[in-house]
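Reviewing the structure listed below.
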Amino acid sequence: MARVEDQAGLAAAEADISQAGARRLDLAFRSGAGVFSVLLLLLFWQGFAHSGRVTPFMLPSFTVVLTYIKNDAIGGDLWINLGLTLYRATVGFLIAAVGGITLGALMSRNKYIHWFFDPIISVGFPMPKIAFLPVIILWLGVYDVAKISIVVFDATFPVVTATLAGIAAVEKELLWSARNMGASERAMMWQIVLPAASPQILTGLQVALPIALIVEIIAEMVMGGYGLGGAMMGASRFANSPGVFAGIVEIAVIGFILIKAMAMIRRRLLIWHQEAAEPTTA
Amino acid sequence: MDGQAQIVIDKVNHTYRPPRGRPVPALANVSLEVRPREFLALLGPSGCGKSTLLYLVGGFLPTERGRIEVEGKPVIKPGPDRGIVFQHFALFPWKTVRGNILYGLERQGLPRAEREARAQSFIDLVNLNGFEDSYPSQLSGGMKQRTAIARTLAIDPNILLMDEPFGALDAQTRSLMQTELLSIWQRTPKTVIFVTHDVQEAVYLAERVAVMSARPGRIKAIVDIKFGRRDPGIFRSKEFVEKVDELWNLVRDEALKAQEAKAS
Amino acid sequence: MTAIKTLIRYSPLVLLALLWEALARLNIVDSLALPPLSKVAVAWIDLIRDGELITNGEASLYRAFMGLLLAVLFGGVLGMAMARWRTLDIFVNPLVELFYPLPKSALIPITVLWLGFGDGSKILLIFLACMIPVTIGAYNGARGSEQVLVWSARSMGASRMRMMWDVVMPSALPELLNGIRTGLALAFILLVSSELIVSQQGFGYLIGYLGSTGAYEGMYAVVLTVAFLGFAADRLYQVLMQWLLRWRE
C-alpha cells in the first residue's frame, strides 16, 4: 500500500543520487578550472620572469624556485622546517580547540563563568593579539613553548565564540525531547548539546586552523630559528630570493592542504547536516 | 467528574516572562481533568496558552501557581511517562531514524536485543521501513513527524502530549497523518492531550474538546464528541458539520480577540 | 539602566586590572616580567610626552590606512567586476581561491625583499593581503544582488554602469562591508607583525626597541596601546557599518 509520502520519499532519494552525480561533475569541472588557472599562473610566472622586465632577484623563475625546493627536500632542511611548523601549529590548534570548546561549554552552563569571560572574549577578539608576542617571549623564552602559546592565545577566540553561538542556537524543543526521554542533566551536554552545536563549532575550528598557521609563521619570523617562517625570514635577510619564493610556495601548499583536510573532516562528520552548496569562492 | 482522573489541573496560572519587555499572563486559573485513555483536544486561537498548558503538564515549565498532578503525583520535571511530540518534530538531526527511536530506549537501560527489536517494531508501526538509516534532513515533513511519533511511542508513555503535531505539514499529508494517528491510538490506547487551532481536526480526532479563551487563557467550554465511526467520510456527515459549527462559534470570538490583541 | 548593565558587563576587565596590579606589587610574579599596571601607565604617559608613541603611531597608522584603502578600492572594484563579467570570473576566481588559504604572513619576507624596510613594503603587504577578503566580500555581495532589482533597474533604462552604482553596490554593501571588516583586522595583525620582525619605525619597532633595552613598562604600554587600537578600530567600524546599513531591518 504505497503512501503519498513514501513515494515522495523514494523520489527524493532518487533525486538525491542523481544530484550527487551532478555535484561530482560540477566539482570535477571546478577543480579542473582551478588546476587550469594555477597552471596559467605558473606559465605567466615563468614567462614574466624570463621576459627581462624584472630581475631574477625580484622574480626568480619558477623553475629556479622549484629546483631550490627540490634541493631543500633532498638536503633534509625542508622536512625539518615543515615538520616543526606543522607540529607547533597543530599542537597549538588542538589545545585551542579543546580549551575553547570546554570554555564555551562552561560559559553556556554557568552564568558566573560567562560573566567573567564574556568581556575578555568580546574585547580580545578584534585585537591584534600578535602584539602580545613580545610579552610571551618575555615570560616563556624563545622556544617551542612560547610559539605554541601565542598560537593557543590567538586560535582560542574563534573557537569559544563559535561554541557559544552554536550552543545558544540549540532549539529548546530538542533539549526538552531529550529530557522527555529520560536523559539526565549531566548527559545532556555530551549527548545532545554538543552534537547539536557541532556545525557551528566545526566552523569555528575551520576559522581557527588558518589562524594557527598564520600566527605560528609570524612567531617564527619574529623569533628566528627553524621552521618555515624562520627559514623564509632568514632567506629574506640574506637576499636569497629563490629561498623566499620557495617558502611562499611551501607555505601555500601547506595552507591549502590543511584547509582541504579540515573541509573533508567537516563533510565526514556532518554528513547528516543539510548544507547548501558551497559558494564558488571559499 | 465520574471515574478516576489521570491528570488533574487545578487553578493553574502562568506568566510568560520574556528576556526583554513586560511579563505577560499566559494562563489564568485553568482547571481541567483528563481521564485515563481518553483523547482530549485543547482548542483555541494562537497565543491562548494551550501549548504552555501542555508544557506545564509535561514538566518543561515549572508550575508556579496552582497544581498539576499525574496519577496523584505532582509534576516537577519531564519524564518518559508523559511523551511529547512537537510541531517541528525536534528530531536529533545527527542521528538516523533508527538512532532517534533508539535514544529513549537507551535511556531506559533496556538490553540491546530488546532495544533493537522494539525500535524496529515502531518503525514498522509508522510505515518507515527502508528509511531506518536515513537522516532527518533526507526525510519529508510527514516522514519526520512519523519518526517523532514513533520515537515517543517507543518509550511507552502512559500519556501522549501532542503540540500541534501536524501544523507544519501540507494539507494532504496532514489528513493522512490524522487517520494514521487515530488507527495507532485505537490499537495502543493511551491518554492523549492534543493541542490544535484547527476545529475540524479537533472534532475528527478527539472524544472531548476543551475550548480555551484568548490570552490569558482559561477553559471556556468543554464539549463531548461522540461519533460512532471515524473514517474520512465522516467529514461530510450532518452530525460532524454541526459539531464543527458549534465549536467554531465558541472559538470565533476568542480568535477575533486574539487578532485584535496582536494588532495593538 | 543600560549604563549600569554595561558596567557590570565589563567589570571583569577592571578585576583583571586590579589582579595584575596586585600580582606585580606583591611580587607573586616576578615584577620584572610583569611590572605593575600603575608603572605601565606612567611609562605610557612618558612615551606620549616625549613624542615617541605619537611619531611611531602615526607612521604605523599611516601604513595601515594606505594599504587598506588601496585594498578596498581595488578589491571592491575587482570583486564587483568579477560578479558582473563571467569571463573575468572564470579566470580570477581560481586565483582568489588559491590565495585565500595562503597565510598572509608569508608575504612579509617577499615585500621586504622587494621594497626594503620602509613604508612601501608595509603598505604593499597590507594591500596584497587585504585584497583577498575585500574582493571575496564584494564578489559575494554583488552575486547576491537580487535579480529582480537588477531587472527592474534595467527595464527603467539604467545603463550597465548606472546599474552597478544604483542597484548592485547598495545590495552588495553588507557582504562588502564584512569583507572590509576582516581586512581591517588583518591589516592590524600584519602591521604589528611586520614591524616586530623588521622595521625602523612604528609600533612594532617601538615595542621591539623597548623590549631589547629592558624598558619593559614602556613595552607593555605600547603593546596595550596597539591592542586597544585594534579593538577600538573594530568597534568604530561596526558603528560605521550600522550607520551605512541603517535601511536594513
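Note on A:Ile113 and B:Gln259: the model spin-label points, each 7 Å out from Cα along the C-beta direction, lie 5.0 nm apart.
Share of Cα-Cα pairs in the range B:88-149 beyond 15 Å, in percent? In whole percent, the long-distance tail amounts to 42. When chain C is treated as a GNM with alpha-carbon contacts under 10 Å, the residue of C:Glu97, C:Glu52, C:Glu175 showing the greatest mean-square fluctuation is C:Glu97.
Ranked for footprinting exposure by Cβ neighbours inside 10 Å, fewest first, B:Phe89, C:Phe65 give C:Phe65, B:Phe89.
Once the Kirkwood radius over Cα pairs is known for the range A:65-269, the Stokes-Einstein relation at 25 °C and 0.890 mPa s delivers a diffusion coefficient of 132 µm²/s.
Within straight-line reach of B:Lys144, meaning a Cα separation under 16 Å, sit the following lysines at least 8 residues removed in sequence or on another chain: B:Lys95.
Converting phi to 3J(HN,Hα) with the Karplus coefficients 6.51, -1.76 and 1.60 and the offset θ = phi - 60°, the range A:49-56 yields 5, 8, 5, x, 7, 10, 6, x Hz in sequence order, with x at every glycine or proline. Computed from phi, the 3J(HN,Hα) profile of the range A:80-91 under the Karplus parametrisation 6.51, -1.76, 1.60 (θ = phi - 60°) reads 4, 4, 4, x, 5, 4, 4, 4, 5, 5, 5, 4 Hz, with x in place of Gly and Pro. Run the paramagnetic zone check for C:Ser31: 7 angstrom along Cα to Cβ, then residues of the range C:2-20 with backbone nitrogen under 20 Å. Of the residues in the range C:2-20, C:16-20 have backbone N under 20 Å from the label point off C:Ser31.
In summary, the range C:5-70 shows an alpha-carbon radius of gyration equal to 1.56 times the 2.2 N^0.38 Å reference for compact globular proteins.
So what's the angle, to the nearest 10 degrees on a 0 to 90 scale, between helix B:171-187 and the longest Cα principal axis of chain B? Roughly 80 degrees between the two axes. Measuring against 30 Å, Cα to Cα, the residue pairs B:Lys11/B:Lys257; A:Lys111/B:Lys257; A:Lys111/B:Lys190; B:Lys50/B:Lys190 contain A:Lys111/B:Lys257; A:Lys111/B:Lys190 as the ones spanning a longer distance. Panel note: the C-alpha atoms of the protein assembly as shown, placed on their principal axes, show extents of 96, 65, 63 Å (largest first). Counting only residues at least eight positions apart within a chain, or on another chain, the aspartates and glutamates with an alpha carbon under 13 Å from that of B:Lys262 are B:Glu254. Two tests apply to each whole DSSP H helix in chain C, Cα reach of 30 Å or more along its axis and mean Kyte-Doolittle hydropathy of at least 0.0, and the ones passing both are C:2-25, C:52-84, C:119-143, C:169-197, C:216-244.
Pairwise alpha-carbon distances in chain B exceed 22 Å for 57% of all pairs. So how tilted is helix B:112-125 from the main axis of chain B? Cα-based, degrees 0 to 90, rounded to 10. That works out to roughly 60 degrees.
In the range C:48-244, Rg over Rh equals 1.07, where Rg is the alpha-carbon radius of gyration and Rh the Kirkwood radius from pairwise Cα distances.
Put in order of Cβ neighbour count within 10 Å, fewest first, the listed residues C:Met219, A:Met58, A:Met262 become A:Met58, A:Met262, C:Met219.
Where a number appears in this text, it was derived from the coordinates with a stated rule and is not lab data. Computed from a predicted model, the values in this text were never measured in an experiment. Counting neighbours? That spans all protein chains shown, and the Cβs are built from the backbone with ideal geometry, glycine included.
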